[in-house]
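Here is the structure we will look at, set down as C-alpha cells.
The values are calculated or read from the model by the stated rules, or taken from the named source; none is laboratory data. Here the structure is a predicted model, which means the values were calculated and not measured. No Cβ is skipped: glycine too gets one built from the backbone with ideal geometry, and neighbour counts run over all protein chains shown.
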2 protein chains.
Amino acid sequence: MTKYLVISADCHAGLPNAEYREWLDPEYREQFDAALAERARMAELASQGFLNQEFADEWHAENEEGLRGGWDAGRRDKELDADGVAGEVIFPDADAVSSGASAPFGAGLGATGDIPPELLMAGARAHNRWLAELCGASPERRAGVAIVPILADIDAAVAEIRRARDSGLRGGILIPPMWQPYEPYHHPRYDPVWAVCQELSMPVHVHSGVADKASYGPHIGIYAAEVRFWSARPLWFLIWSGVFERFPRLQFGVAECGAFWVNDLLWRMDLVYERDHGSRKLGEQLTANLTMRPSEYFDRNCFIGASNTQRRELARRYEIGVANLCWGNDFPHPEGTWPHTREFLRDAFCDIPGDETAAMLGLNAAEVYGFDTDALAALAARIGPCPEDLGQSGDPTAKWAALKQAGRPWLTGIETLPPALA
Amino acid sequence: MTKYLVISADCHAGLPNAEYREWLDPEYREQFDAALAERARMAELASQGFLNQEFADEWHAENEEGLRGGWDAGRRDKELDADGVAGEVIFPDADAVSSGASAPFGAGLGATGDIPPELLMAGARAHNRWLAELCGASPERRAGVAIVPILADIDAAVAEIRRARDSGLRGGILIPPMWQPYEPYHHPRYDPVWAVCQELSMPVHVHSGVADKASYGPHIGIYAAEVRFWSARPLWFLIWSGVFERFPRLQFGVAECGAFWVNDLLWRMDLVYERDHGSRKLGEQLTANLTMRPSEYFDRNCFIGASNTQRRELARRYEIGVANLCWGNDFPHPEGTWPHTREFLRDAFCDIPGDETAAMLGLNAAEVYGFDTDALAALAARIGPCPEDLGQSGDPTAKWAALKQAGRPWLTGIETLPPALA
C-alpha cells in the first residue's frame, strides 16, 4: 500500500519566551528582561475583546502535552507522526494564541522596520541558534527557516544568512514582509541578500502576520480582510522590478497567506505585461526589467506555502500551477490542521488525482527545500496517509480533465467558463 | 424587438484644463495659473517611459472628434448614442491618457490627503459647478458625481454635498480612496458625511486611480498589480466598523476596480464573521459593530461599478450578486469599451440570461441612481442594443443553472467545484 510522503511547508517552533534568555548574546539580556515584562503587560491589554479567552483556555487545556512540541523535539516528533507528517519547514513563533513562545524582541512573524534593528538582529540570532539545535537532532526531517532582518543592515543580514546556513538551517530565510520605513523591496540595495540566498540555495520567505495595524482601530475584521495583501506584497515587487531576472535561481515563498488570490494575480499581471486593452497606454518602462511574462517568473522562482489548503483553492490549482503549491499543517497553531490533519486532508483532497496530491502534500516542498526523500521513505511508509485514508478511490482524472487542459485560460485561450459546459 | 436600457455606471467628463479657470472662485485663479504651468512640466516628465506615446498619438488622432464629448454635451450624446448607452454616471477627469481634462488642483480621481485641503475643495467646487451645467441639459440621461474632499473639513464637505445635490448632481459623491494622513474611514468623525449622503440618497464612491505610488520607484507594473487594493480598500473599512449598521440606507460604490476580487472578499469576510476554523481565536470585538454577516451589508449597501466587465468576472456573478454589478463603458477613457461598446458587450454577454443582462447593463444602476426608466425608454428603444446585437440566442439558463443554484457556496453548502461535475 503506497503512502504519501507528507512534508508540511508551514510549521512553527519557538521556546517559551523566557527560555530564549540563555540563547541571547549576553549584552542583550538586560533589555530582554525589560522587554519580557513589557510584553506580559501588552498581552493582557491586547486580549481584551480581541482574543476569545474561552477558546484559548480550551485550546491550551486540550493540547497541553502536544503544544510542548513547539519546542521539545521528542514531543514534536510524536505529534508530527500522529498527523502523518514526515518532514517539516519550520518558521518561528510556536504560540499563535498567547504569544508565549516567540522569538525575542518581536523578531519573528511580527517583525517590522519600526523595531530597533540591533534588537531585531539579536533576537533573530538567538532564535536561529536554538532552531539549528532543534533541527540538528533529525536533520533529514526538519528544514529550519532562519529569521533574518534585512532592512537596516545588509552586510549584517548577509553574514547572518551565511552563519545560519553553516549552522545547518537549510529552510531558507524569513524576511519582514513590510519594509517601511526602509526602501521597498524593488530597490537594488537588497541585491546582496538575494545574491547570497541564490548562492546558498536558501529560499526567501514572507509569512502572514504583519499588516497596517495602525489603521484598524479596534476593528480586527479589517485586519482579517487585508492581512494577506500586506504579507504577500513583496511577491509582485520582486517580479516587476526584475529581481528574478537578476537572480534566476532565487526561490521566493509566500507562507500561510492562502492561495486563492494567486491565479487572479497571475492573470492580471500577464495581461498587463502583454499590454491588453486596459493597459495599452503604458510605456516601455513597464517591461524594462523583464524578459518573460510574470507567470513565468512565478513558475520558475516562486511558490506558495498554502498551509491548510481549501477546496476552493485546490479547484484553481491548474491556474496557480500544481507544482507551485505546498501544503502545510501549521503545527502547532490553531488555524492549522493539527491535531486532525488526516480529517482535513480527506475533506480537501478526496477527489484530487494521486500524482497531484503527492506533489502538493510533499514532493514540491522536497524539491524547494532539498529534502532527501530516500532518507524519509521509511518514516513516510510508517506514518504517512495512504490514498484510502484521504478517501481517494477510483480515478478522478476525468472530472478535472477540462480544467487541466485549459490550464491558464488567458494563455491557452481555452475558456472554462461557465463551469458547467453543458 | 426588445432593446436593453443601457446605463454606463462609469463615464467621465471634464473641461480642458485651462477652461476650468472661469469656474473657480476668483481668489484661487492665481494659484490655478501657477499649478497649470507646473502640471505641464510634470506631464512632460511623467511621460518618459511611462506612457506609450505612439498609442497616445494614435488614440488622439483617431478619436479627435469623439474625445470632445469629454466636455461638449452635444458631441457626448452622439458618442453615447452610437455606443448604445442611454444613461450615464459621470466621474471627473475626461482625459486618461494625457491628463488634459482634469479637475483643478488634482481634485479628481487622483485626490489624496497630501494636497492642500483648501485647494482641493476649490477645485472640487469648480468642477461640480460645471458638471451640474453639463448634466442640466439632459438630466434624465446624466447622473453627475460630485467631487467632495471629505478628509480635512467635515463641515465644509457636508455643505458641498448639500450644495451639489441642490444644483442637480444626483450621482452621489466621489471621495479620496486614500485617507492618509487623516483618520481612516472607520473613524466616527466621518459620520456626518455618511449621514447627509444617506439623507439625500447620494451614493458614496471610490474610483480607481490612487495607490501607494511613492513605493513603486519606476516600476509601473507594481502599480498595476495593486492599484485595486488601494482604491477599493474603504469598502471593508466601512463594513467592519459598522458604518452600514449606523446608516442602513447609505449606498457605497467601488468604481472601475473590476469585480473579480469581490466574491473571494465576501467569502473570506463571511467565514471570519462566522469564526471559521481559522478565526476561532478572535474575540467579541470582531463582531461588536455588526448584526449581519459582511455579505449581507454588501448586498444591502454596496455595489460594484465594474466598468468593462470580463467574462471571468461574469462567471462569478452569482457569488458577487447579480444585483450588485453595474457595467460601464468608461467613456471617454481608452481602458473602456467606447467607441466599440457593442463588440465588447457581445464578447462578454453572449450567453448571459436576458434578465441578468438587463440588470447588469442598466436596471441595477437605474435603481442605485434613481434614473427614470420611463423617461429613458424612447431613447433606449432608438439606440439600445437588442439581444441579437449581443449574440444572445436560445435560452442559456440551463448552462448556468448549477452555479445559480449554488449562489454563494459558503452559505448554501452547495459545492460547485470541480466545475465540470461529470
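Checked against (1) more than 17 Å from the chain's Cα centre (by Cα); (2) of a type outside the set (Asp, Glu); (3) in a loop (DSSP other than H, G, I, E, B); (4) closer than 27 Å to A:ALA359 by Cα, A:VAL85 passes all but a single condition, namely (1).
For segment A:373-422, taking the residues that are within 15 Å of A:ALA358 (Cβ to Cβ) and touching a Cys at 6+ places or on another chain (Cβ under 9 Å), the one that is nearest to the other protein chains (Cβ to nearest Cβ) is identified as A:PRO396.
Scanning segment B:111-125 for residues that are assigned to a helix (DSSP H, G or I) and under 21 Å from the mean Cα position of the chain (by Cα) gives B:LEU120, B:MET121, B:GLY123, B:ALA124, B:ARG125.
Restricting to segment B:30-54, and then to whatever is assigned to a helix (DSSP H, G or I) and touching a residue at least 40 places away in the same chain (Cβ under 8 Å), can you tell me which residue is surrounded by the fewest Cβ atoms within 10 Å (Cβ to Cβ)?
Among them, the one singled out is B:ALA43.
Only one of the listed residues (B:TYR28, B:TYR4) is over 26 Å from B:GLY384 (Cβ atoms) and hydroxyl-bearing (Ser, Thr, Tyr). That residue is B:TYR28. When A:GLN180 is tested against the conditions (1) in contact (Cβ under 8 Å) with a residue 60 or more places away in the chain; (2) in contact with a Leu (Cβ under 8 Å, 6 or more places away or on another chain), the lone failure is (2). Out of B:LEU363, B:LEU379, one residue alone is over 30 Å from B:GLY100 (Cα atoms) and under 20 Å from the mean Cα position of the chain (by Cα). It is B:LEU363.
Results for (1) under 20 Å from A:ASN289 (Cβ atoms); (2) more than 10 Å from chain B (Cβ to nearest Cβ); (3) touching a residue at least 12 places away in the same chain (Cβ under 8 Å); (4) in contact with a Pro (Cβ under 6 Å, 6 or more places away or on another chain), shown as yes or no for each residue.
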{"position": "A:TYR190", "(1), (2), (3), (4)": "yes, yes, yes, no"}
{"position": "A:CYS197", "(1), (2), (3), (4)": "yes, yes, yes, no"}
{"position": "A:LEU200", "(1), (2), (3), (4)": "no, yes, yes, no"}
{"position": "A:VAL206", "(1), (2), (3), (4)": "no, yes, yes, yes"}
{"position": "A:VAL210", "(1), (2), (3), (4)": "no, yes, yes, yes"}
{"position": "A:SER215", "(1), (2), (3), (4)": "no, no, no, yes"}
{"position": "A:ILE222", "(1), (2), (3), (4)": "no, no, no, no"}
{"position": "A:TRP240", "(1), (2), (3), (4)": "yes, no, yes, no"}
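Would it be correct to say that B:GLY136 is closer than 27 Å to B:LEU363 by Cβ and either modelled with pLDDT of 95 or more or surrounded by 21 or more Cβ atoms within 10 Å (Cβ to Cβ) (or both)? Yes, satisfied.
Within segment B:342-371, residues that are in contact (Cβ under 8 Å) with a residue 12 or more places away in the chain have Cβ atoms under 6 Å from residues that are hydroxyl-bearing (Ser, Thr, Tyr) in these pairs: B:PHE344/B:THR337; B:ALA348/B:THR309; B:PHE349/B:THR357; B:PRO353/B:THR397; B:ALA358/B:TYR4; B:LEU361/B:TYR4; B:ALA366/B:THR373, counting only partners at least 6 apart in sequence or on another chain.
Being among the aromatic types (Phe, Trp, Tyr), over 25 Å from B:SER8 (Cα atoms) and touching a residue at least 24 places away in the same chain (Cβ under 8 Å), is that true of even one residue in segment B:287-307? So far as segment B:287-307 goes, no, none of its residues is among the aromatic types (Phe, Trp, Tyr), over 25 Å from B:SER8 (Cα atoms) and touching a residue at least 24 places away in the same chain (Cβ under 8 Å).
Checked against (1) over 20 Å from A:VAL148 (Cα atoms); (2) out of contact with any strand residue (DSSP E or B) (no Cβ under 7 Å at 6 or more places or on another chain), A:ARG228 passes all but a single condition, namely (2). In segment A:269-283, the residues that are facing chain B (nearest Cβ under 9 Å) and touching a residue at least 40 places away in the same chain (Cβ under 8 Å) never reach a residue that is surrounded by fewer than 21 Cβ atoms within 10 Å (Cβ to Cβ) and among the basic types (Lys, Arg) with C-beta atoms less than 9 angstrom apart, at least six apart or across chains. For segment A:139-159, the count of residues that are part of a loop (DSSP other than H, G, I, E, B), within 14 Å of another protein chain (Cβ to nearest Cβ), within 17 Å of the chain's Cα centre (by Cα) and not small (Gly, Ala, Ser) is zero. Residue under question is B:ASN289, and the condition is that it be more than 7 Å from chain A (Cβ to nearest Cβ), at pLDDT 95 or above and closer than 30 Å to A:SER98 by Cα; does it hold? It is true that B:ASN289 is more than 7 Å from chain A (Cβ to nearest Cβ), at pLDDT 95 or above and closer than 30 Å to A:SER98 by Cα. The residues listed here are B:GLY172, B:GLY168; of these, the one that is more than 14 Å from chain A (Cβ to nearest Cβ), at positive phi and surrounded by fewer than 24 Cβ atoms within 10 Å (Cβ to Cβ) is B:GLY168. Out of A:ALA107, A:ALA96, one residue alone is under 26 Å from A:PHE229 (Cα atoms) and modelled with pLDDT under 95. It is A:ALA96.
Of the residues making up segment A:56-82, those that are under 28 Å from B:GLU284 (Cα atoms), touching a residue at least 60 places away in the same chain (Cβ under 8 Å) and not in a loop (DSSP other than H, G, I, E, B) are A:TRP59, A:GLY66, A:LEU67, A:GLY70. Here segment A:389-406 is the region considered, the condition is being free of Cβ contacts under 8 Å to residues at least 12 places away in the same chain and outside any loop (DSSP other than H, G, I, E, B), and the residue that is farthest from B:LEU417 (Cα to Cα) is A:GLN405.
Would a scan of segment B:97-105 turn up a residue that is over 30 Å from B:LEU379 (Cβ atoms) and crowded, with 23+ Cβ neighbours inside 10 Å? Checked segment B:97-105: at least one residue is over 30 Å from B:LEU379 (Cβ atoms) and crowded, with 23+ Cβ neighbours inside 10 Å. Of all residues in segment B:38-74, those satisfying the criterion of being of a type in the set (Phe, Trp, Tyr) and within 25 Å of B:TYR20 (Cα to Cα) are B:TRP59, B:TRP71.
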